[in-house]
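> Quick one: this structure, given as structure tokens, is what I'll be asking you about.
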């Protein structure tokens, strides 16, 4: 194996592991005094490593991969994003700042770059196998274990006093009000002021991002031939997933397992999907009693009471249509769809989601990957992403069933979450997809096959 091939393997592994640790590491650096431009430069390690790997592998690969329909759709999506980055703001009634446009450009093109790296790396390795799925599974094990230990050993007050609130507020420009500067979704609000329940956030500092990593990892593990160590690892990851209290992730896992069952022509994943729905529903109902409890500060209680007064009909029942979090997600999706229909040409990069919030401009749409793309790059950019994603799903169906199932879950989660804004997903899933569609295999992948990703 050449140095270039080794570097590509190192880069992929470092990105999978490093992105899982990124948020906690950046908050830790902020706490010890590394802030401002210096911390921004350090935080750019992921883009620098991805770009360096792309250049090294492209320079050393003996031949480029054969261009496929998936590649053409990826290129079409990338070109549309670049066009929207160059269109004058006045043409699209854009409120975005220059910084917002740069952040949005990185956001939208990250999965394309990761996919390209996977394609080139697989071509460079030829028949050699780099099992990225194993790296994903081991990373998820560490994330789940750290998260569970955090719930049992570290108090919420310790997090309030840490560098996390300052990192979010001062470095990222995300001012969270309801939990002393911590993201409000760290807590499951039971409706009882005396009994708020913590959610597992782990090194991502987010229950959602943690849950999505665990979903992808569980699908990989459950696609393998059964071994006792896989069983133990699945129990650890599923336990972590339950404690994130993320209903969308539990639903996406069930859908992903059904897709896996169809792709592998096995009944076991479908049975596990049904079992997961039953166990997950029971756990969600029991969570106010079994979850790790915390307490609010007087200032937090005052903010929560004012916030609750704005929606007096909100419910704390996790299966109610009026549950505050679910109602907020659906309202955001509906408003985003309406905004895209009202302005189908889009507003240009930097007008949607977290990027707009960080740069202080009006958020035209948020949360959903699809509505954010429709706002930033119009229906053309949205259609290009959807077509690329579906073509990639088809290409993975027989070649790498676990990745097809994982991608289907991620695309479903994209309805309520900006999944490509979760950098771990944007890099790990799309890079693994690039590896899989390029790998030279002797036949379709079956369950338990030792395949490349």
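Each value in this text was obtained by applying a stated rule to the coordinates, not by laboratory testing. Every value quoted in this text rests on a predicted model; they were computed, and no experiment measured them. Cβ placement follows ideal geometry from the backbone for every residue including glycine, while neighbour counts extend to all protein chains displayed.
> Starting from the Cα coordinates of the stretch 33-122, work out the convex hull volume and express it per residue in Å³.
Dividing the Cα hull volume of the stretch 33-122 by its residues yields 115 Å³.
> In addition: For the chain, what is the convex hull volume of the alpha-carbon atoms per residue, in Å³?
Convex hull volume per residue, Cα atoms: 143 Å³.
> For the stretch 92-182, state what percent of all Cα-Cα pairs lands in each successive 5 Å bin, counting from 0 Å until the bin that includes the largest distance.
Distribution as computed: 2, 10, 9, 12, 13, 15, 14, 12, 8, 4, 0 percent.
> Just the number: Rg to Rh for the stretch 333-377, Cα atoms, Kirkwood Rh, two decimals.
Here Rg/Rh amounts to 0.91.
> Per-residue counts of other Cβ atoms within 10 Å, averaged by peptide: what ranking do you get for 339-348, 234-243, highest first?
Ranked from most to least packed, the peptides come out as 234-243, 339-348.
> Between the stretch 35-96 and the stretch 245-300, what is the separation of their alpha carbon centroids in Å?
If you average the Cα positions of each part, the centres end up 34 Å apart.
> Using mean Cβ contacts within 10 Å as the protection proxy, how do 249-259, 186-196, 355-365 order, highest first?
249-259, 355-365, 186-196
> Counting pairs of alpha carbon atoms under 8 Å apart in space and at least six apart in sequence, what relative contact order in percent does the chain give?
25
> Can you tell me the length gained on complete extension of the stretch residue 274 to residue 305, counting 0.36 nm per residue apart and subtracting the Cα distance?
Working it through step by step, the gained length comes to 7.4 nm.
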